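The values are calculated or read from the model by the stated rules, or taken from the named source; none is laboratory data. Please read these numbers as outputs of a predicted model, since none were measured by experiment. Here the Cβ is made from the backbone with ideal geometry for all residues, glycine too, and neighbour counts use every protein chain on show. Protein only, heavy atoms only, side chains kept; ligands, DNA and RNA dropped before computing areas. Shrake-Rupley method; radii C 1.70, N 1.55, O 1.52, S 1.80 Å.
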Amino acid sequence: MRHGSPAGPIRVSAGLVVLVGPPASGKTSFVRALIARGQIDARAVVSSDEIRAELFGASPGEAESDAADARIFEERDRRLVARLAAEHSAVAESTNVTPQARARLIALAGRFDAPVTVLRFDPDVADLLQQYAERGRTDLTAADVRAYAALMTRNAGADRLRAEGAAAVHDVPGRRQGTTPAQAAAYFSFA
């Protein structure tokens, strides 16, 4: 596990890229920077937040049930399968901080012999809470964000991610390292 350097960017293999990090950790900003830089096709990104918005619009109450979550993640899986079946890379953009969430994704990739690369977003909790406050989200509380961060700490170490089936694990630098999303995007190159 390393960060990109002047010696060259980290090469991410074609297959399934799983983003792992708590809410407000910079996953969406990073993906937007990758798209803006032309490093990935916007169609490769499958975002649970975007699917939630597509399915439920501005009805937060309706979108926060277990049934809604099941519908969102079934749709996410359908879109990922369509990309992988067509031999296109896909980026799973959701928190993925639990082993159960990742096992579901790793199993999907396995159906198509697609390697899994995990990109970890693991900011300092103070930075995470600052980023959360800057986003102005009302569907999560600071306590929720802390809980996701704790899950990440317990369940998403690099060795564990490799043991679960990730072919490669890389940390994405962020605020703690004084790195903007565009700078972080420049550390990676995608097949």
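Check T117 against each of (1) of a type outside the set (A, V, I, L, M); (2) surrounded by fewer than 20 Cβ atoms within 10 Å (Cβ to Cβ); (3) under 18 Å from the mean Cα position of the chain (by Cα); (4) modelled with pLDDT of 95 or more and name the one condition it does not meet.
Against the list (1) of a type outside the set (A, V, I, L, M); (2) surrounded by fewer than 20 Cβ atoms within 10 Å (Cβ to Cβ); (3) under 18 Å from the mean Cα position of the chain (by Cα); (4) modelled with pLDDT of 95 or more, T117 comes up short only on (2).
Looking only at the range 76-89, filter to residues that are crowded, with 20+ Cβ neighbours inside 10 Å and charged (D, E, K, R); which one of those is farthest from F188 (Cα to Cα)?
Selected residue: R76.
Where the second residue is part of a helix (DSSP H, G or I) and exposed (fewer than 14 other Cβ atoms within 10 Å of the Cβ) and the first is free of Cβ contacts under 8 Å to residues at least 12 places away in the same chain and lies in the range 121-139, which pairs have Cβ atoms under 8 Å and are six or more apart or on separate chains?
That search, which allows pairs on different chains as well, returns A133/A142.
State all residues of the range 161-181 that are closer than 14 Å to V18 by Cβ, of a type outside the set (D, E, K, R) and open to solvent by less than 60 Å² (accessible area, probe 1.4 Å); if no residue qualifies, say none. Reasoning before the result, please.
Taking the range 161-181 first, the residues closer than 14 Å to V18 by Cβ are 161-162, 164-172.
Imposing the further condition that a residue be of a type outside the set (D, E, K, R) reduces the set to 161, 165-170, 172.
L161, G165, A166, A168, V169, H170, V172, listed by residue number.
For the range 145-155, enumerate the residues that are free of Cβ contacts under 8 Å to residues at least 24 places away in the same chain and either basic (K, R) or open to solvent by less than 30 Å² (accessible area, probe 1.4 Å) (or both).
R146, R154
Just one of I35, I51, I40, I72 is within 27 Å of R154 (Cα to Cα), surrounded by 14 or more Cβ atoms within 10 Å (Cβ to Cβ) and β-branched (V, I, T); which is it? Even if it seems obvious, please write down each step before you answer.
Details: I35 fails: within 27 Å of R154 (Cα to Cα); I51 fails: within 27 Å of R154 (Cα to Cα); I40 fails: within 27 Å of R154 (Cα to Cα).
Answer to the selection: I72.
Which condition from (1) open to solvent by 30 Å² or more (accessible area, probe 1.4 Å); (2) closer than 25 Å to A33 by Cβ is the one that A142 breaks?
(2)
With the requirement that a residue be touching a residue at least 12 places away in the same chain (Cβ under 8 Å) and either among the acidic types (D, E) or in a helix (DSSP H, G or I) (or both), what does the range 11-40 give you?
Filtering the range 11-40 for residues touching a residue at least 12 places away in the same chain (Cβ under 8 Å) gives 11-34, 36-37, 39-40.
Answer for the range 11-40, where residues must be touching a residue at least 12 places away in the same chain (Cβ under 8 Å) and either among the acidic types (D, E) or in a helix (DSSP H, G or I) (or both): K27, T28, S29, F30, V31, R32, A33, L34, A36.
Just to check your reading of the model, which residue among A101, A158, A184, A92 is hydrophobic (A, V, I, L, M, F, W, C), more than 16 Å from V45 (Cα to Cα), in contact (Cβ under 8 Å) with a residue 40 or more places away in the chain and crowded, with 19+ Cβ neighbours inside 10 Å?
Numbers: A101 fails: in contact (Cβ under 8 Å) with a residue 40 or more places away in the chain; A158 fails: crowded, with 19+ Cβ neighbours inside 10 Å; A92 fails: more than 16 Å from V45 (Cα to Cα).
Just one listed residue meets the conditions, A184.
Determine whether the range 73-86 contains at least one residue that is hydrophobic (A, V, I, L, M, F, W, C), touching a residue at least 40 places away in the same chain (Cβ under 8 Å) and on the phi < 0 side of the Ramachandran plot.
Taking the range 73-86 as the starting set, the residues that turn out to be hydrophobic (A, V, I, L, M, F, W, C) are 73, 80-82, 84-86.
After this cut, where a residue has to be touching a residue at least 40 places away in the same chain (Cβ under 8 Å) as well, the list is 80, 84.
Subset that is on the phi < 0 side of the Ramachandran plot: 80, 84.
Yes, that holds for at least one residue.
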